[in-house]
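Chemist: Can you read through this structure? Questions will come right after.
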Amino acid sequence: MHVVYVAVGEAQMSTIPKLFDREQLKRLKNECGGLQTLLKLNGSIFHVYGGVARLRAPKTMRFNPEAKGFKRRPCWLYQHHPDGCPRVADECSFAHGADDLLS
């Protein structure tokens, strides 16, 4: 199954570091190579192009437990975004909690 994503928010890359204090940016640099690297390495969550970072959310989902990756990983938005995932568990390709994970 191919998951289609739609941008649910975006920011100019030049403004994003201003959201963090110096210590947080230093920690990001040490742990993963920096903020831009973190965003690019998490392409299922963020899309970085032309100096703009966009937050992605699954647009559509077909219930297909046989599909590669379906409900095999936790939903980053559900776990980390202040507003949670814009999709309910039944409409998201990723797991919303341990009970939603497929092995």
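Chemist: Return the total of residues in the stretch 19-31 being open to solvent by 100 Å² or more (accessible area, probe 1.4 Å) and closer than 15 Å to Ala53 by Cβ.
Modeler: Going through the stretch 19-31, the residues open to solvent by 100 Å² or more (accessible area, probe 1.4 Å) turn out to be 19, 22-23, 26-27, 29-31.
Cutting the leftovers down to closer than 15 Å to Ala53 by Cβ gives us 19.
Residues in the stretch 19-31 being open to solvent by 100 Å² or more (accessible area, probe 1.4 Å) and closer than 15 Å to Ala53 by Cβ: 1 in total.
Chemist: Would you point out the residue of the stretch 83-103, among those that are farther than 11 Å from Lys71 by Cα and open to solvent by 80 Å² or more (accessible area, probe 1.4 Å), that is modelled with the highest pLDDT? Spell out the reasoning first.
Modeler: To start, the set of residues in the stretch 83-103 that are farther than 11 Å from Lys71 by Cα comprises 83-88.
After this cut, where a residue has to be open to solvent by 80 Å² or more (accessible area, probe 1.4 Å) as well, the list is 83, 88.
On the way: Asp83: 81, Val88: 85.
If we take residues in the stretch 83-103 being farther than 11 Å from Lys71 by Cα and open to solvent by 80 Å² or more (accessible area, probe 1.4 Å), then Val88 is modelled with the highest pLDDT.
Chemist: Of everything in the stretch 32-45 that's open to solvent by less than 40 Å² (accessible area, probe 1.4 Å) and outside any helix (DSSP H, G or I), which residue is nearest to Ser14 (Cα to Cα)?
Modeler: Filtering first and then ranking leaves Gly34.
Chemist: Taking Phe20, is it closer than 21 Å to Leu101 by Cβ, modelled with pLDDT under 90 and over 14 Å from the mean Cα position of the chain (by Cα)?
Modeler: On the way: closer than 21 Å to Leu101 by Cβ: no; modelled with pLDDT under 90: yes; over 14 Å from the mean Cα position of the chain (by Cα): yes.
So Phe20 does not fit the description; no.
Chemist: Counting only residues that are in a loop (DSSP other than H, G, I, E, B), small (Gly, Ala, Ser) and closer than 19 Å to His96 by Cα, which one in the stretch 46-81 is modelled with the highest pLDDT?
Modeler: First, the residues of the stretch 46-81 that are in a loop (DSSP other than H, G, I, E, B): 50-51, 59-73, 75, 81.
Narrowing the set further to residues that are small (Gly, Ala, Ser) leaves 50-51, 67, 69.
Subsequent filtering for residues that are closer than 19 Å to His96 by Cα retains 67, 69.
On the way: Ala67: 72, Gly69: 76.
Of everything passing the filter in the stretch 46-81, Gly69 is modelled with the highest pLDDT.
The values are calculated or read from the model by the stated rules, or taken from the named source; none is laboratory data. Every value quoted in this text rests on a predicted model; they were computed, and no experiment measured them. As a convention, Cβ positions derive from the backbone with ideal geometry for all residues, glycine included, and neighbour counts pool all protein chains shown. What goes into the accessible areas is simple: the full protein's heavy atoms, side chains included, and nothing from ligands, DNA or RNA. Shrake-Rupley method; radii C 1.70, N 1.55, O 1.52, S 1.80 Å.
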